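Here's the structure, in structure tokens; my notes come after.
Only the coordinates and a few stated rules stand behind these numbers; no lab work does. Treat the numbers as computed from the prediction; the structure is a model and nothing was measured. Backbone-built Cβ (ideal geometry, glycine too); neighbour counts: all protein chains shown.
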Amino acid sequence: MPSTAQNPLALVAELTHRCPLHCVYCSNPLELQSRSNELSTGTWSRVFKEAAEAGALQADLTGGEPLARPDIVELVRNARGVGLYVSLITSGLPLDEAKLDLLVDAGLDHFQLSFQGAREETANEISGTKSHQHKRRVLEWIKRYRIGLTLNFVIHRRNIDELEEMLALVDHSGPGCVEFASVQYYGWAFANRENLLPTRQQLDHCVERLNRAEEELRGKTRVVFVLPDYYAKYPKPCVGGWGRKLMLITPSGDALPCHAARVIPGLKFENVNHRSLREIWEHSEAFQKFRGEDWMQEPCKSCERRTQDFGGCRCQAMLLAGDSAATDPVCSLAPERPKIDAILAKTNEPLRAGPATAPPTSLLAKSDWLYRPNPA
Amino acid sequence: MSVDLNSRPRFAAGCRMGENSNQRVLLMPERALRLNGPSLEIVSRCDGKHTVAQIVGELQLLYSRAEPRKVEQDILGYLALLQKERALDFEP
């Protein structure tokens with residue numbers, strides 16, 4: 001028997017797959033949904049209400065780029081109106097001062113602004129668009145409001161050496177939180193992995209610098225660092241455990257236990273157009289599939305850590321071990337761990353990694369990237 | 001980092017009280033903290049008006065069966081934790 005569901009805590013609302021950026025590690029699926037399939041304002045508002053009724057506390061409005069929705073102000077107002085804590089997970093484009101003013105007025109609690117680098121040329125290359133200067137302007141506008149601010153730097157081989165400049169940007173803008181989130185390898189990032197995975201030397205330097213930053217910023221800015229899974233000893237408790245805390249709704253209304261769940265073959269997803277969120281959360285086959293521990297294999301099944309990491313990430317197990325019920329291959333106890341070690345060995349080959357002084361990516365041509373397109 | 005008894009704690013930007021299924025919570029970016037009993041009594045006084053000393057005094061009265069010194073220590077420890085989590089600012 002799968003275990004009984006507790007309440008969902010957070011609703012991740014992928015409002016759209018449209019985005020002015022084309023980031024090479026985008027967490028959206030390779031098959032993007034078009035505008036014509038997106039849920040209406042009314043349906044999203046019902047989803048927010050049902051989420052609050054099911055016990056959720058937070059709504060993360062994301063995408064694609066949530067600001068690409070012309071009704072974004074109304075959606076923020078309606079999510080807040082039913083009592084949810086509303087975060088906007090955004091690139092800051094397209095946004096002007098008047099729109100920001102409307103969003104704050106509608107009850108936006110928290111603005112999470114992504115950065116693709118600290119240097120304009122890096123950021124523009126990674127996002128496949130000119131966006132960096134605009135983001136810096138958005139940061140200046142936000143200072144006028146008393147809302148939550150998180151800066152999110154997505155870090156990888158190509159920009160991890162810009163850490164000092166990223167920290168200068170943090171110092172200048174004083175957010176409540178800064179995240180240095182390493183790229184994880186799914187979807188677009190999986191396709192671009194060879195160009196994105198940092199070297200061990202880069203990572204060691206990063207960890208050492210961020211430990212100091214945490215002390216320097218204590219009481220001002222909370223510093224969060226997310227290690228690339230491949231370098232971890234044990235897997236992350238992916239989405240806080242399958243079907244335990246989080247529910248993601250795609251632009252067309254499918255309910256997923258995590259953003260990458262579509263890579264698992266045979267999973268059937270329910271749609272919010274046909275069933276209530278509560279019904280889906282409690283009964284959907286996809287949410288039940290890896291809830292609890294019954295699905296686990298060895299070494300997870302008898303492992304002490306299974307209540308902490310829940311066996312790691314199901315999608316990563318699928319991508320790397322070809323079995324969605326296998327132990328996450330990044331785990332040092334997993335039978336498939338040698339695959340990860342081989343990838344890391346290749347990344348850290350002396351020739352490829354280069355001397356410490358030279359950027360290891362200088363050999364990389366722009367044409368090596370696979371850019372995420374904008375859906376119709 | 002120690003907490004100044006004369007400072008006035010208030011919610012940091014992006015933090016507020018919330019409620020769901022009769023459970024009070026402190027909502028913060030990406031996180032929420034359940035508030036019960038003493039933690040609810042402390043957090044609901046973090047309004048930018050009460051000083052830390054006043055919060056301590058009021059809770060010592062409220063929990064008069066507990067050792068006053070212990071009540072103070074617990075409150076200072078909890079406020080320091082909330083400051084580290086960036087849930088509170090301390091106004092002079």
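At a glance:
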item	result
Where a label projected 7 Å from the Cα of B:GLU19 along Cα→Cβ would reach, residues of the range A:42-56 with amide N under 20 Å	A:49-56
Neighbour-count ranking [beta-carbon atoms within 10 angstrom, fewest first] of A:LEU39, B:LEU62, A:LEU30, A:LEU203	B:LEU62, A:LEU30, A:LEU203, A:LEU39
Chain A - mean residue ellipticity at 222 nm from DSSP helices (-39,500 (n - 2.57) per run, n ≥ 4, rounded to 500)	-9000 deg cm²/dmol
Amide H contacts under 5 Å for B:ARG24, placed H, 5+ residues apart	B:LEU35
Magnitude of the charge dipole, the range A:222-345, Cβ model with Lys/Arg +1 and Asp/Glu -1, debye to 20	300 debye
A:PHE115, B:PHE90 arranged by Cβ crowding within 10 Å, fewest neighbours leading	B:PHE90, A:PHE115
Net dipole in debye of the range A:1-158 [+1 Lys, Arg Cβ; -1 Asp, Glu Cβ; about Cα centre; nearest 20]	360 debye
The range B:9-67: trypsin sites (Lys or Arg not before Pro) falling in loop per DSSP and having at most 16 other Cβ within 10 Å	B:LYS49, B:ARG65
Relative contact order (%) - criterion: Cα under 8 Å, at least six apart; region: the range A:1-115	29 percent
Cut-off under 5 Å, modelled amide H: who pairs with B:ALA12 long-range	B:LEU88, B:ASP89
Radius 11 Å from Cβ of A:VAL12, net charge of other residues (Lys, Arg +1; Asp, Glu -1)	-1
Farthest positive-ward along the range A:203-349 dipole, Cα basis, beta-carbon charges - from A:CYS331, A:CYS238, A:GLY253	A:GLY253
Packing-based exposure ordering (other Cβ within 10 Å, fewest first) of A:PHE225, A:PHE310, A:PHE190	A:PHE225, A:PHE190, A:PHE310
Backbone HN-Hα couplings from phi across the range B:37-53 [Karplus 6.51/-1.76/1.60, Hz, Gly and Pro as x]	x, x, 5, 5, 4, 5, 5, 5, 9, 7, 10, x, 10, 5, 7, 4, 4
Net charge of neighbours whose Cβ lies under 10 Å from the Cβ of A:HIS283, counting Lys and Arg as +1 and Asp and Glu as -1	-2
For A:ARG222, distant residues with modelled amide H under 5 Å away	A:CYS177, A:VAL178
Between the range B:65-92 and the range A:228-252, the Cα center-to-center distance that results, in Å	33 Å
Chain A, relative contact order [Cα under 8 Å, separation at least 6], %	21 percent
Cα-centred dipole magnitude for chain A, charges only on beta-carbon of K, R (+1) and D, E (-1), debye, nearest 20	120 debye
